[in-house]
Amino acid sequence: MELVQIRLIVDDFGACFRFYRDVLGLKPQVDDESGPYGKLTLPGGAAAVALHTRADVERELPWLGGRAEGDAALVVLKVADLESVAADLASRGARWVAGPQPRWGMRVAYLRDPEGNLIEFQQWPAPSEG
């Protein structure tokens, strides 16, 4: 598993984007403070903070049960084989909110920790897959 990003679910995208870019000095992947999504890389490029508007999360991820109002962040983890990770974690008691499915050119799945924090698992396509 590899930590890809911590994604913050925000109401005021522009203010948050400017804070992470201008105050903290993170480098935006795309310098567009209009949203609804933006990813800013930490120095060294090993991880990132992503910003995602609450309204877009509610629209784009309806299978999460509409809890975006209470969500403030989600942890994003990259895995090599999402189906085997999903099966392994389920066998250890993980309850998936949404199982492996295609989204944004990759495969994603979601679960919540015991406190209700959202965790997104991503399987990126192999380089030859695009």
**Message:** What are the pairs with Cβ atoms under 6 angstrom where one residue, in region 46-68, is closer than 24 Å to residue 23 by Cβ and of a type in the set (Ser, Thr, Tyr) and the other, located anywhere, is modelled with pLDDT of 85 or more and not in a strand (DSSP E or B)? Sequence gap at least six, or different chains.
**Reply:** 53/13; 53/35; 53/36
**Prompt:** How many residues does region 1-43 hold that are outside any strand (DSSP E or B) and of a type outside the set (Ser, Thr, Tyr)?
**Reply:** 25
**region 110-130, residues that are modelled with pLDDT of 85 or more, assigned to a loop (DSSP other than H, G, I, E, B) and either closer than 14 Å to residue 94 by Cβ or among the aromatic types (Phe, Trp, Tyr) (or both)** = 124
**Request:** Residue by residue through region 91-130, note down the ones that are exposed (fewer than 11 other Cβ atoms within 10 Å of the Cβ) and among the polar types (S, T, N, Q).
**Result:** 91, 128
**Asked** Does residue 99 meet the test of being under 22 Å from residue 124 (Cβ atoms) and of a type in the set (Gly, Ala, Ser)?
**Response** yes
**Message:** Going by what's in this entry, would residue 20 be described as in contact with a His (Cβ under 8 Å, 6 or more places away or on another chain), surrounded by 14 or more Cβ atoms within 10 Å (Cβ to Cβ) and either aromatic (Phe, Trp, Tyr) or over 18 Å from residue 3 (Cβ atoms) (or both)?
**Reply:** no
**Complete:** Restricted to region 39-62 and to residues being among the small types (Gly, Ala, Ser) and more than 23 Å from residue 98 (Cα to Cα), the residue surrounded by the most Cβ atoms within 10 Å (Cβ to Cβ) is 48
**Message:** Name the residue that is nearest to the chain's Cα centre (by Cα), counting only residues in region 60-87 that are at pLDDT 85 or above and either in a helix (DSSP H, G or I) or not hydrophobic (A, V, I, L, M, F, W, C) (or both).
**Reply:** 78
**Asked** Given the conditions (1) surrounded by 14 or more Cβ atoms within 10 Å (Cβ to Cβ); (2) closer than 17 Å to residue 113 by Cα, which single one is not true for residue 28?
**Response** (2)
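The values are calculated or read from the model by the stated rules, or taken from the named source; none is laboratory data. Predicted, not measured: the structure shown is a model, and the values here were computed from it. Glycine also receives a Cβ, built like all others from the backbone with ideal geometry; neighbour counts cover every protein chain displayed.
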